[in-house]
Amino acid sequence: MSRSNPLVWPKMRVIWGYGIAILSVSSALIISRWPPLHLETAPVSLFLCAIMITALFGGVGPGLLATALSSLAFDYYFLFPTYSLAAKPGEMPRLVVFTVSALFVGALSAAQRRATESLKRARDDLKGTVQELQRSHTALQTESLERKHAEEALREAQSDLERVSRVTTMGELTASLAHEVNQPIAAAVTNANTCLRWLALGTPNVEEARAAAMRIVKDGTRAAEIISRVRLLFKKGTPQRELLGVNDILQEMIVLLRSEATRYNVLVRTELAGDLPMVMGDRVQLQQVLMNLMLNGIEAMKDSGGTRELAIKSQRTENEQVLVSVSDTGVGLPLQHADQIFRAFFTTKSQGTGMGLSISRSIVDSHGGRLWAADNSPRGASFCFTLPATLEPKE
């Protein structure tokens with residue numbers, strides 16, 4: 001019969017246990033009765049060994065059978081008168097002591113068997129638990145690796161989305177940027193002609209020519225800086241965190257968007273605190289946030305009457321943060337959509353993508369800050385964000 005059969009194998013074990021009882025007691029009896037050995041005191045030890053072996057390998061039931069068979073054999077073959085199971089009053093104490101000893105040895109052996117089986121089961125359970133933990137550990141490692149890859153893919157996708165948003169926005173500013181670059185180039189051409197005229201005189205005026213040449217250098221540098229800032233916003237790359245001055249970034253974006261503000265007759269007013277601490281951040285990402293907020297303010301005012309003013313402020317808060325606000329005097333926040341303006345793809349503009357404010361908030365959040373919107377008194381809207389300051393160690 002197959003050992004794999006769950007119904008047959010337990011029965012075979014039981015039969016095998018009782019077989020051990022009969023075989024061990026019979027062996028003890030045969031050895032003790034073998035004349036050449038002359039074993040006078042051996043029967044007790046042999047029968048106890050038979051009971052111990054039976055209980056150890058067969059369990060309680062076979063151990064009790066071995067005890068009963070040993071008591072009967074001991075009484076029949078070794079207690080006077082021998083070869084009789086009749087009452088033997090004189091030998092009764094020996095029989096009782098033998099039976100009690102046999103039961104005690106059998107109980108100890110059975111207990112040892114149970115302890116061994118319990119230890120084996122515990123070892124098997126522990127082995128199964130270890131294997132399960134190993135499988136769980138492997139699964140967790142796999143899940144962690146997959147999550148890491150997913151996070152990397154998400155960061156890359158978010159970076160690509162930010163870049164697409166910048167490129168789209170800069171594409172909309174082509175006319176203003178072209179005008180902003182054309183101004184210093186035109187000034188450089190004018191100064192070059194002036195320089196040539198000073199040098200073409202009968203007695204060249206070197207000082208005036210030098211001054212005109214210096215203005216050419218200044219105008220060329222200005223045009224190059226504008227182009228460099230635009231190229232930086234188009235550039236694709238991983239975020240680079242460094243110590244930054246928020247006011248410097250504000251000034252850069254004001255210069256970059258000056259022509260767009262002039263195009264719609266928007267007055268840009270600044271109140272920049274001089275004691276701002278440095279912040280740790282990515283320059284291009286923070287430029288994108290300010291560009292989105294400033295362009296939204298200009299967009300909100302281009303069709304409104306009255307004074308068009310874009311107020312840009314920076315200040316240091318009491319809890320050592322840098323606070324930046326961009327306020328306009330436009331149409332204000334839509335009351336029915338005030339809680340949705342930071343949601344992705346939500347927009348009130350006919351040509352808007354609905355990604356500017358959502359991306360701006362995610363950038364500010366990634367820098368450890370907060371971005372929110374509020375009404376501007378008496379009209380318009382204000383967008384504010386905070387960035388944690390990086391305090392320089394005191395010497």
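The values are calculated or read from the model by the stated rules, or taken from the named source; none is laboratory data. No experiment lies behind these values; they were computed from the predicted model shown. Note that each Cβ is placed from the backbone with ideal geometry, even for glycine, and that neighbours are counted across all protein chains shown. Surface accessibility is based on the protein's heavy atoms, side chains included, excluding ligands, DNA and RNA. Shrake-Rupley method; radii C 1.70, N 1.55, O 1.52, S 1.80 Å.
Some notes on this structure:
- Scope region 55-70; condition surrounded by fewer than 19 Cβ atoms within 10 Å (Cβ to Cβ) and small (Gly, Ala, Ser); matching residues: Gly61, Ala68
- The number of residues in region 278-322 that are β-branched (Val, Ile, Thr) and either under 19 Å from Ser228 (Cα atoms) or without any contact (Cβ under 8 Å) to a residue 40 or more places away in the chain (or both) comes to 2.
- Region 333-380, subset open to solvent by 80 Å² or more (accessible area, probe 1.4 Å) and under 28 Å from Asn319 (Cα atoms), residue modelled with the lowest pLDDT: Asp339
- Helices (runs of 4 or more DSSP H) completely within region 236-317 that count 3 or more residues being hydrophobic (A, V, I, L, M, F, W, C): 246-256, 283-301
- Filter result for Leu119 (assigned to a helix (DSSP H, G or I) and open to solvent by 90 Å² or more (accessible area, probe 1.4 Å)): yes
- Just one residue in the set Asp303, Asp275, Asp282 is of a type in the set (Asp, Glu) and open to solvent by less than 20 Å² (accessible area, probe 1.4 Å); that residue is Asp282.
- Checking the stated criteria, Ser109 turns out not to satisfy the condition of being assigned to a helix (DSSP H, G or I) and open to solvent by 50 Å² or more (accessible area, probe 1.4 Å).
- Residue in region 41-54 that is modelled with pLDDT of 80 or more, open to solvent by less than 30 Å² (accessible area, probe 1.4 Å) and farther than 18 Å from Leu79 by Cβ present: yes
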